[in-house]
1. For the stretch 4-257, what Kirkwood radius comes out of the mean inverse Cα-Cα distance, in Å?
2. Provide, as a two-decimal number, the C-alpha radius of gyration of the stretch 1-133 over 2.2 N^0.38 Å, N being how many residues it has.
3. Suppose a student asked you for the relative contact order of the chain, using Cα pairs under 8 Å spaced at least 6 residues apart; what percent would you report?
4. Given labels modelled 7 Å from the Cα in the Cβ direction, how far is it in nm from T137 to W149?
5. With r as the distance between the Cβ atoms of R109 and A86 and R0 = 30 Å, compute the FRET efficiency 1/(1 + (r/R0)^6) and round to 0.05.
6. So which aspartates and glutamates pass the test for K51, namely a Cα distance under 16 Å, with those fewer than 8 places away in the same chain ruled out?
7. With a point put 7 Å past each Cα toward its Cβ, work out how far D197 is from A72 in nm, to one decimal.
8. Using the basic label-point model (7 angstrom from Cα toward the beta carbon), what is the N165 to H183 distance in nanometres?
Amino acid sequence: MNLCDCHCHTERSDCAEDVTLQWYAEIARNTSAVFAITDHSAHIYYPQGAKWAFWTDEAREVFDEHQQWGDAQLDWYIADVRAAQAGGMLLGIELDVFLDGTPVCNEDRLGDFDILLGAAHTFPALQHDAEPHQVETELKVMIQRLAAWEIDVLAHPFRPLRLKNYAISDDLIEWVVDFAGEHDIALEINSHSICRDEDICMARLAYEQGVAVAVGTDSHRKAEFGDFSYHCEVADAIGVAASELYWRPTPAAMQAAK
């Protein structure tokens, strides 16, 4: 099944294990796989020894200090992926933003990507274990800020809350689906860190409302890449074929990416 995997990491992401850009390039040259390289913008902009600073209270200070250096790293990242691009490989990025909407990226280069993922990985209420209503409010703000940068896909919408053991209400899932539909954003079913009940509920609502749903293996290791078994499981749970449920870039978009 030739689904489009919109979420793959390389060695440019500090959380990656055995995957590399050249490994993906070989796959792109020799198979019909369609996938996007989407490394963390925070891992491009934050220097060695502080790769995870975005997840701390020092996030803005470290970003401001290294922004010019990060812009140069981003230029190198774009050029490197473009040079390796072949077949069905797309150039993307997993974009982080601050709560005020400032992107952890040179905003002038966001239009250079074939696909733009947005992720609300962390925000102050979540970092400080605030009350559920405050966490939910800030998550919505983060999603709105990401949408302002015209993201194509919202990555793992509920993972940050699940990792902190916050309950995820049906109302929140409905809000996310409605918002995505209003802003033409695809909602990712992510198989790297599974939120099964929430994913099935989200996918069912999205399918009923005509909101796009995207495949993301969020591959950090070779064994994850190309494994769409969870995505098929979600499709089966709502009674549709995976090929019918999941979004794919149009042939014209694929040609433009090359």
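A short reminder: the numbers here are calculations on the coordinates, not readings from a lab. All of these numbers come straight from a predicted model, not from anything done at the bench. With ideal geometry, Cβ positions are generated from the backbone for all residues, glycine too; neighbour counts draw on all protein chains shown.
1. 18.3
2. Computed over Cα atoms of the stretch 1-133, the ratio equals 1.10.
3. 20
4. Between T137 and W149, the simple spin-label model gives 2.4 nm.
5. 0.85
6. E11, D14, E17, D39, E61, D64, E65, D71, E94, D96
7. Placing both labels 7 Å along Cα→Cβ, they lie 5.0 nm apart.
8. Going from the N165 label point to the H183 one covers 3.0 nm.
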